[in-house]
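Student: Have a look at the structure that comes next, please.
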2 protein chains.
Amino acid sequence: MSLTVVGSIAFDSVRTPFGERDRMLGGSAVHFSLAASFFTDTRVVGPVGDDFGDDELGVLTARGIDTEDIERVEGGETFFWRGRYEHDLNVAHTEATELGVFGDFEPKLSDGSRGAEMLFLGNIQPDLQRRVRAECDGAAFVGLDSMNLWIETERDSLLAALAEVDCAMLNDAEIRMLTEEPNLARAAAAVRKLGPRVVVAKQGEYGAALFTEDGFFALPGLPLEDVQDPTGAGDSFAGGFLGYLDAHGDGHSEPELRRAMAYGTVMASFNVERFGTERVASLTHVEIEERFRELLAVTRFEERPIELRDASPTPSD
Amino acid sequence: MSLTVVGSIAFDSVRTPFGERDRMLGGSAVHFSLAASFFTDTRVVGPVGDDFGDDELGVLTARGIDTEDIERVEGGETFFWRGRYEHDLNVAHTEATELGVFGDFEPKLSDGSRGAEMLFLGNIQPDLQRRVRAECDGAAFVGLDSMNLWIETERDSLLAALAEVDCAMLNDAEIRMLTEEPNLARAAAAVRKLGPRVVVAKQGEYGAALFTEDGFFALPGLPLEDVQDPTGAGDSFAGGFLGYLDAHGDGHSEPELRRAMAYGTVMASFNVERFGTERVASLTHVEIEERFRELLAVTRFEERPIELRDASPTPSD
């Protein structure tokens, strides 16, 4: 078993009402691989510049992540994003995006990355996603993320990419936008017709929903009193989801897909509790296990046979 | 067991992308009582005008609802609301509100209504809620709904009303607004400090969350492919929730509160599938039972012991 992720490796400068960080390690491939590394062997494909140091690399290698395919571009600068969140953390503002080496990114995969059983195409230009997907032709299960930008500007490429993957992992707003269908159940069904037999609708703090041939499954978000920085939560979700599936499922078993949703929810819940990678990079197994059980506990209810009331009026007492 | 609800009885003119209805039966007390009537004896307190006919009353009496305390005001007109929903049904626009007899509403409760074990204070002016609550001094469990208008204009009255009830049933946005706390877990805890030991956060299509002394519980909304009119969904939720609790719980048992959340979710899901009261008023017991089991099925996942992966790098294969 092994899992390859292609996506951004970034420096993020983030300000939220609970603090700020300057040029901390971030990017979709980073958040994804850290979460996935608790479940399976994970390989990262992505470019960095001269400014990417041993400290940053060390965060990944300390988790046993294979960084062979992190390409260091001489004279280049690592992708940079600066954003701030309002008091309502659901409202984000991008203040700066500097593509740096990501602007000319040509994914190069080693044999190890190419031979992975599972592949996650993080949110990058859809034609790049397709090239990586074509290289990993032995991957048994491929997940894909995207964003509103590609839906608007690269629609045809994105549709072609979707036709070649097993699982679309998108925000519910993106699923609606992509399909021009405001009803999520219909929109998810429409995405499944485009190719992916599994659709995961990420709903931010509200949780996530799973749409498959077998039907529907949904999990609420965990009620976290200490949320500091939501950046990367969706990628941590994807990392927990695909990491679990690579280790314990094949993407076909519905019970395993549901457990994967739960581990995705767990990893995303840790992600937001601290800035950037701070929380996920230092998690313990016990913390993950406890939070999985907490999620189980807060979603469980039992049936009890009851007598429903007839329509006929009953005498008042 | 019996359940009294005070709230609006209305004519609603509603337009959605899926159709429109002119002056159909609506109002918080109507949606609530129809949903509750499948679980327990339900009494409605509220005013109507001369324009409220036998057909409208018949929708309630056909479900065995006690309408003794529906006060017909001579020469008055029934509360009227006209609204439209965008293609995204989460976006609603109020086009007209005519208070009619609701403007001078002075709740008058019969002995039957006053003696109810459970009481729901639908979304009306908080001082009126307090008067009704004071009259029903034997009620063992009292739920309260409110809205942004009262949070803004009658904050002190609303805080006094909240201090006198057991359960606040509010939208998550209202809970945040009331407490000026964007984090829902903290906001719900703050509402509990105001008095209600149970807080239900209604989250529209995303479901609902329950906050009690014992902790947290959440349910997703059901994935409905046919949603025609969301008007009244929150009141149908409250009706299912309190109706179930009156018949099968006392508002203290956590497992019963969770089942009440499930029946609330079930009744709200029916509410939105047709306009106004069309769907809930004609439900069968089998439909309710089947949808409860569907909700159980789409929220269930099981634990399976797994080995989490160590941080130490593993040799690549």
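Student: Between B:E273 and the same site in the other copies, what are the distances in nm, shortest first, taking label points 7 Å from Cα along the C-beta direction?
Tutor: The projected label point of B:E273 is separated from its counterparts by 4.0 nm.
Student: Other chains' Cβ within 10 Å of A:176-183 residues: what's the mean?
Tutor: Mean partner-chain Cβ count within 10 Å for A:176-183: 3.
Student: When you have a sec, figure out the Kirkwood radius of the range A:1-78 from all distinct Cα pair distances and drop it here in Å to one decimal?
Tutor: 12.9
Student: To continue, here is another question. Can you tell me what the convex hull of the Cα atoms of the range B:1-152 projects to on average, as an area in nm²?
Tutor: Over all viewing directions, the range B:1-152 projects a mean Cα-hull area of 9.3 nm².
Student: What does the structure give for B:243-253 when I average, per residue, the other chain Cβ atoms found within 10 Å of the residue Cβ?
Tutor: The per-residue average across the peptide is 1.
Student: Right, next: Using +1 on the beta carbon of Lys and Arg, -1 on that of Asp and Glu, and nothing else charged, what's the dipole of the range B:155-296 about the Cα centre, debye to 20?
Tutor: In total the dipole reaches around 320 debye.
Student: What translational diffusion coefficient, to the nearest whole µm²/s, does the range B:209-250 have by Stokes-Einstein, given a Kirkwood radius computed over alpha-carbon pairs, a temperature of 20 °C and 1.002 mPa s viscosity?
Tutor: After rounding, the answer is 172 µm²/s.
Student: Each residue of the range A:248-254 in turn: what ³J(HN,Hα) in whole Hz from Karplus with 6.51, -1.76, 1.60 and θ = phi - 60°, glycine and Pro shown as x?
Tutor: 9, x, 10, x, 10, 6, 4
Student: Among bridges DSSP assigns within the range B:138-229, what percent are antiparallel (round to 5)?
Tutor: Around 55 percent antiparallel, to the nearest 5.
Student: Compute the distance in nm between two label points, each set 7 Å from the Cα along the Cα-to-Cβ direction, one at A:T97 and one at B:A92.
Tutor: Taking the simple label geometry, A:T97 and B:A92 are separated by 3.5 nm.
Student: Along the axis that rotates chain A into chain B, which residue of chain A has the nearest beta-carbon, and what is the gap in whole Å?
Tutor: Closest Cβ to the A-to-B rotation axis, residue and whole-Å distance: A:Y206, 2.
Student: Excluding A:E303 itself, what net charge comes from residues whose Cβ is under 9 Å from its Cβ, given Lys and Arg +1 and Asp and Glu -1?
Tutor: With Lys, Arg at +1 and Asp, Glu at -1, the net is +2.
Student: Further question on the same structure: Hey, for a label at A:R72 modelled as a point 7 Å past Cα toward Cβ, could you say which residues of the range A:42-63 have their backbone N under 12 Å away?
Tutor: Residues passing the 12 Å test: A:48-58.
Student: Output wanted: per-residue J couplings in Hz (rounded whole) for the range A:141-148, from phi through Karplus 6.51 cos²θ - 1.76 cosθ + 1.60, θ = phi - 60°, x for Gly and Pro.
Tutor: 8, 10, x, 9, 10, 8, 7, 4
Student: Using Cα springs under 10 Å in a Gaussian network model of chain A, which residue among A:L119, A:L144, A:L194 shows the largest mean-square fluctuation?
Tutor: It is A:L194.
Student: B:D51's amide H: which non-local residues (gap 5+, or another chain) put their own amide H closer than 5 Å, with H modeled 1.01 Å from N in plane and none for Pro or chain starts?
Tutor: Correct list: B:T78.
Student: Here's another thing I want to ask about it. Who wins for biggest fluctuation among A:T299, A:T16, A:T277 in a Gaussian network model of chain A, springs between alpha carbons below 10 Å?
Tutor: A:T299
Student: What is the range A:1-133's relative contact order, in percent, from Cα pairs under 8 angstrom and six or more apart in sequence?
Tutor: Relative contact order comes out at 32 percent.
Student: Over its Cα atoms, what ratio of radius of gyration to 2.2 N^0.38 Å does the protein assembly as shown give?
Tutor: 1.03
Student: Can you list, bin by bin at 5 Å, the percent of alpha carbon pairs in the range B:151-253, starting at 0?
Tutor: Calculated P(r), rounded to whole percents: 2, 12, 21, 25, 20, 13, 6, 2, 0.
Student: Taking 35 Å as R0, compute the FRET efficiency from the Cβ-Cβ separation of B:D104 and A:A173 and round it to 0.05.
Tutor: After rounding to 0.05, the efficiency reads 0.20.
Student: Scan around A:Q125 for amide H atoms under 5 Å from its own, H built in the peptide plane at 1.01 Å from N, and keep only partners 5 or more places away or cross-chain.
Tutor: Correct list: empty.
Student: Give the percent of DSSP beta bridges with both residues in the range A:155-311 that are antiparallel, rounded to the nearest 5.
Tutor: Here the antiparallel bridges make up roughly 65 percent for the range A:155-311.
Student: Also: For the pair A:A189 and A:E290, how long in nm is the line joining their label points, each one 7 Å along Cα→Cβ?
Tutor: Label-label distance for A:A189 and A:E290, simple model: 4.3 nm.
Student: I need the calculated FRET efficiency for the pair A:D214 and B:E152, taking r as the beta carbon distance and R₀ as 30 Å, to the nearest 0.05.
Tutor: Once the sixth-power term is evaluated, E becomes 0.05.
Student: If a paramagnetic tag sat 7 Å from the Cα of A:S282 along the Cα-Cβ line, which residues of the range A:7-32 would have the backbone N under 12 Å from that point?
Tutor: Output list for this probe position: empty.
Student: To the nearest 500 deg cm²/dmol, what mean residue ellipticity at 222 nm is calculated for chain B from DSSP H runs of n ≥ 4 alone, each contributing -39,500 (n - 2.57), summed and divided by the residues?
Tutor: So the helix-based figure for chain B works out to -10500 deg cm²/dmol.
Student: Follow-up question, since we're still on this one. For peptide B:294-307, what's the mean number of Cβ atoms from other chains within 10 Å of each residue's Cβ?
Tutor: The shielding value for this peptide is 6.
Student: In whole Å and largest first, what semi-axes does the C-alpha gyration tensor of chain A yield when each eigenvalue is scaled by 5 and square-rooted?
Tutor: Semi-axes (√(5λ), whole Å): 34, 23, 20.
Student: Before anything else, pin down the relative contact order of chain B: Cα pairs under 8 Å, at least 6 apart, normalised by residue count, whole percent.
Tutor: 17
Student: Now for a separate question. Give, rounded to the nearest 20 debye, the magnitude of the charge dipole that the range A:102-193 has about its Cα centre when Lys and Arg contribute +1 at Cβ and Asp and Glu contribute -1 at Cβ.
Tutor: Once rounded to the nearest 20, the dipole reads 220 debye.
Student: Please list the non-local residues whose amide H lies under 5 Å from the amide H of B:E71, H modeled 1.01 Å from N, same-chain partners needing a gap of 5 or more.
Tutor: For B:E71, the qualifying residues are B:G46, B:V48.
Student: Going by Cα centres, the range B:247-317 and the range A:44-108 are how many Å apart?
Tutor: Each part's Cα centre sits 39 Å from the other's.
Student: Separate question: Using the Kirkwood radius over Cα pairs, work out the Stokes-Einstein diffusion coefficient for the range B:192-317 at 25 °C and 0.890 mPa s, in µm²/s as a whole number.
Tutor: 151
Student: Could you work out the relative contact order of the range A:93-244? I mean the mean sequence separation of Cα pairs under 8 Å and 6+ apart, divided by the number of residues, in percent.
Tutor: Over the range A:93-244, the number comes to 15 percent.
Student: By a straight-distance test (C-alpha under 25 Å), which lysines pair with B:K202 as possible cross-link partners, with residues fewer than eight away in the same chain excluded?
Tutor: Output for B:K202: A:K202, B:K193.
None of the figures in this text is laboratory data; all of them are computed from the coordinates on show. Predicted model only: the values in this text are computed from it and were never measured. Note that we place each Cβ from the backbone using ideal geometry, even for glycine, and neighbour counts take in every protein chain shown.
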